[in-house]
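Colleague: First the structure, which I've put down as C-alpha cells, then a few questions once you've had a look.
Only the coordinates and a few stated rules stand behind these numbers; no lab work does. Keep in mind the model is a prediction, meaning the values are calculated, not measured. Positions of Cβ are backbone-derived with ideal geometry, glycine not excepted, and every protein chain shown enters the neighbour counts.
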Amino acid sequence: MIKQKMKMSDKKELRRLVRAGIAQMDSCEKEKRSMAICEEVEKYLAESAARVIALFSPLGDEPLIWPLVEQMSKSLSVVLPRVEGDIMNFYTYDKEAMSVGAFGINEPRTGVSVSPCDIDAIIVPGVAFTACGARMGRGKGFYDKYLSQDGFSALKIGVCFSEQIVDHIPVEQHDVAMDVVIYK
C-alpha cells in the first residue's frame, strides 16, 4: 500500500508508483491473487440480485478476470466494453466474437449494445483505489463518463491488487467512486 498524500498534479507520479509496485509481482503470484479476487467477486455478486454483469478485458497490470468472465457467462448476461472514439459502450459477450480494439484491449466486435440502465453490477479496473472506493483510472475518463450517464445505477465494484490500494487519491468532481473495492 502506498501511504503518501498527493496533490492533483501528482496523479502521474501516483500512477508511476503503483505500476512499479505491480511490476514487482511475478506471474504466479499475479495469477494466484487474481483467482482470489475472482472468487470474492463471485461471492459478492451471489448475494445480489444482479443478472446483467459488466466486466472488462484485463490489461497486463490488471487482475486476470477472464475465468470470471467465462464462469459468469454460463448463468448470467455478461457484457464487455468497447471503446468507440472517445466513449465506451458495453456489448453482450460472445467468446467467438472478440477482437483486439482500442488501446490493445480485447473487445466484442459484434453483439447487442446494452443500455447503462440495464446493467445490474459493473466490475471496474483502475490504476489505484482507496479502500473507501475512490478510484483513479488511466486518465482518459472512459469509466467515469460511462458511470455518470443518466439512468446508470448499477453496483460498482472496483478490483485490484493490494499494491494498488492507497491512502489518498486526488479526486476531481467528475470522478465516480466505487461502492466496494475487492483486492488481494
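Colleague: Determine whether segment 133-153 contains at least one residue that is in a strand (DSSP E or B) and farther than 22 Å from Leu14 by Cβ.
Modeller: No, segment 133-153 contains no residue that is in a strand (DSSP E or B) and farther than 22 Å from Leu14 by Cβ.
Colleague: Tell me which residues, restricted to segment 28-39, are surrounded by fewer than 19 Cβ atoms within 10 Å (Cβ to Cβ) and within 22 Å of Gly104 (Cα to Cα).
Modeller: Lys30, Glu31
Colleague: Consider only pairs whose beta carbons are under 6 Å apart and that are at least six residues apart or on different chains; among these, list those whose first residue lies in segment 95-114 and is within 16 Å of Met72 (Cβ to Cβ) and whose second residue is assigned to a strand (DSSP E or B) and of a type in the set (S, T, N, Q).
Modeller: Close Cβ pairs satisfying both conditions: Met98/Asn106; Gly111/Thr92.
Colleague: Another question about this same structure. Just to verify a result, which residue in segment 40-63, among those that are farther than 18 Å from Gly101 by Cα and of a type in the set (A, V, I, L, M, F, W, C), is surrounded by the most Cβ atoms within 10 Å (Cβ to Cβ)?
Modeller: Our first condition is that a residue be farther than 18 Å from Gly101 by Cα; within segment 40-63, this holds for 40-53, 63.
Remaining after also requiring of a type in the set (A, V, I, L, M, F, W, C): 41, 45-46, 49-50, 52-53.
On the way: Val41: 22, Leu45: 19, Ala46: 8, Ala49: 8, Ala50: 20, Val52: 18, Ile53: 26.
Checked segment 40-63; the qualifying residue surrounded by the most Cβ atoms within 10 Å (Cβ to Cβ) is Ile53.
Colleague: Just give me the residues in segment 115-136 being under 13 Å from Ser77 (Cβ atoms), crowded, with 17+ Cβ neighbours inside 10 Å and not small (Gly, Ala, Ser), in sequence order. First the steps, then the outcome.
Modeller: Of the residues in segment 115-136, the ones under 13 Å from Ser77 (Cβ atoms) are 115, 118-122.
Of the ones still in play, those that are also crowded, with 17+ Cβ neighbours inside 10 Å are 119-122.
Of everything in segment 115-136, those that are under 13 Å from Ser77 (Cβ atoms), crowded, with 17+ Cβ neighbours inside 10 Å and not small (Gly, Ala, Ser) turn out to be Ile119, Asp120, Ile122.
Colleague: Taking the options Gly151, Gly104, Gly139, Gly111, name whichever one is within 23 Å of Arg51 (Cβ to Cβ) and loosely packed, with under 13 Cβ neighbours inside 10 Å.
Modeller: On the way: Gly104 fails: within 23 Å of Arg51 (Cβ to Cβ); Gly139 fails: within 23 Å of Arg51 (Cβ to Cβ); Gly111 fails: loosely packed, with under 13 Cβ neighbours inside 10 Å.
Step by step, each of Gly151, Gly104, Gly139, Gly111 is checked, and only Gly151 is within 23 Å of Arg51 (Cβ to Cβ) and loosely packed, with under 13 Cβ neighbours inside 10 Å.
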